[in-house]
Amino acid sequence: MQEAIIFPGQGAQFEGMGRDWCDAFSVAKATFAEASELLGFSLEEACWSSGDKVNRTDIAQPGILVTSVAVIRVLEAEAGLDRSGAAMTAGLSLGEYTALWCAGSLSFADAVKLVRLRGSAMQDAAEQIPSGMLSLMGGDEEKATAIAKVGAEKGICSVANLNAPGQVVISGEHAALDAAAEVARDHGVRRARKLVVAGGFHSECMRPAADRLAAALNDVEFKTPNVPFVTNVTGKPSSDPKELSQNLAEQVCAPVRWEASMRWALEQGIKSFLEPGPGAILAGIMRKIDPEAEVRSAASPAEVR
């Protein structure tokens with residue numbers, strides 16, 4: 001059975017991510033070194049130093065992408081992985097850039113530079129418009145839309161993440177989220193909880209970031225993916241290079257339709273998934289979508305040997 005490859009997004013980062021891979025495999029170390037040269041600073045130091053540096057949006061995003069690429073390269077070198085033979089690929093938000101690299105649509109250099117810009121632009125947008133995200137436990141798209149509509153009376157507020165059954169997030173300005181939280185139970189949500197994030201990602205709060213990113217994407221060459229690539233924006237496959245570029249800009253403000261993306265894969269008969277690190281967040285999400293699907297998480301070098 002063919003295996004799909006899925007990539008995590010922001011939130012998967014942790015202090016020291018990628019270090020065990022670099023210590024164990026020279027190809028992982030070379031991947032981090034290549035990224036550091038492209039970025040003009042030591043990504044290793046930024047990701048591995050103590051403190052909160054790795055959680056900055058502009059550090060976490062390139063760090064996660066490079067860690068995932070390093071893991072894939074190790075699996076290719078040590079375990080015979082053939083990513084060109086994957087059943088499909090997808091990534092959660094930021095993870096789309098890694099998925100497009102994996103599918104041969106985006107070069108590593110372009111992916112690293114774009115993700116660095118994306119992280120910086122999103123960090124700047126978050127500082128311009130004080131905002132955040134609100135998790136709606138037990139919510140669905142219909143409930144989230146109704147709750148966000150109440151919040152929107154106080155400011156920007158919209159559905160941001162449709163990850164899995166009962167795992168839905170809305171995003172927006174703080175006053176709007178406060179208003180939304182007050183009515184969440186009235187709409188059948190068990191609990192509303194603010195997330196610890198820099199800003200209101202996947203909402204119009206990020207429009208300045210989307211505009212900056214769109215300008216940069218215009219100068220990047222995209223190729224037709226060599227395996228099916230499923231986009232967050234629609235939850236369906238996308239292969240036209242121009243459309244891929246446009247979707248990457250739009251997804252900064254649009255909802256992440258991860259559940260729809262995974263259900264598309266399941267409908268194709270795909271039941272086996274590989275999640276390269278960092279972490280194993282997507283495996284947990286998949287258990288809520290389809291407990292029978294198998295997700296192989298390459299979260300540590302020990303799983304390769």
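The values are calculated or read from the model by the stated rules, or taken from the named source; none is laboratory data. Bear in mind the structure is a predicted one, so any value in this text is a computation, not a measurement. Neighbour counts run over all protein chains shown; Cβ positions are idealised from the backbone, glycine included.
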Legend entry - Residues that are of a type in the set (G, A, S) and either over 29 Å from D290 (Cα atoms) or outside any strand (DSSP E or B) (or both), drawn from the range 171-204: G172, A175, A176, A179, A180, A181, A184, G188, A198, G199, G200, S203
Inset, instruction - Could you give me the residue pairs with C-beta distances under 8 Å whose first residue belongs to the range 177-195 and is assigned by TED's automatic domain parsing to the domain that holds A152 and among the basic types (K, R), whose second residue is part of a loop (DSSP other than H, G, I, E, B) and at pLDDT 95 or above wherever it lies, and which are 6+ apart or on separate chains? - result: R191/A184
Legend entry - Boolean, A160 is under 22 Å from A99 (Cβ atoms), surrounded by fewer than 23 Cβ atoms within 10 Å (Cβ to Cβ) and hydrophobic (A, V, I, L, M, F, W, C): no
Inset, instruction - Scan the range 118-131 residue by residue and report those that are of a type in the set (G, A, S), buried (at least 23 other Cβ atoms within 10 Å of the Cβ) and out of contact with any strand residue (DSSP E or B) (no Cβ under 6 Å at 6 or more places or on another chain). - result: G119, A125
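Yes/no matrix, rows are residues, columns are (1) within 27 Å of N232 (Cβ to Cβ); (2) among the hydroxyl-bearing types (S, T, Y):
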residue: E37; (1), (2): no, no
residue: G40; (1), (2): no, no
residue: S50; (1), (2): no, yes
residue: A60; (1), (2): yes, no
residue: T67; (1), (2): yes, yes
residue: E78; (1), (2): no, no
residue: A87; (1), (2): yes, no
residue: L92; (1), (2): yes, no
Inset, instruction - For the range 259-304, name all the residues that are hydrophobic (A, V, I, L, M, F, W, C) and over 22 Å from G85 (Cα atoms). - result: A260, A280, I281, I285, I289, A302
Inset, instruction - Would you mention how many residues in the range 225-246 are under 14 Å from the mean Cα position of the chain (by Cα) and free of Cβ contacts under 8 Å to residues at least 60 places away in the same chain? - result: 2
Inset, instruction - Those residues that are assigned to a helix (DSSP H, G or I) and charged (D, E, K, R), I need them from the range 227-278; list them, please. - result: K242, E243, E250, E259, R263, E267
Inset, instruction - Considering only residues that are among the aliphatic types (A, V, I, L, M) and surrounded by 17 or more Cβ atoms within 10 Å (Cβ to Cβ), look in the range 28-37 and name the one that is farthest from the chain's Cα centre (by Cα). - result: A28
Inset, instruction - For D290, state whether it is touching a Leu at 6+ places or on another chain (Cβ under 9 Å), on the phi < 0 side of the Ramachandran plot and at pLDDT 95 or above. - result: yes
Inset, instruction - Within the range 4-18, identify whether any single residue is in contact with a strand residue (DSSP E or B) (Cβ under 9 Å, 6 or more places away or on another chain) and either among the aromatic types (F, W, Y) or at positive phi (or both), and answer yes or no. - result: yes
Legend entry - One residue from D20, D82 being closer than 25 Å to L266 by Cα, surrounded by fewer than 24 Cβ atoms within 10 Å (Cβ to Cβ) and acidic (D, E): D82
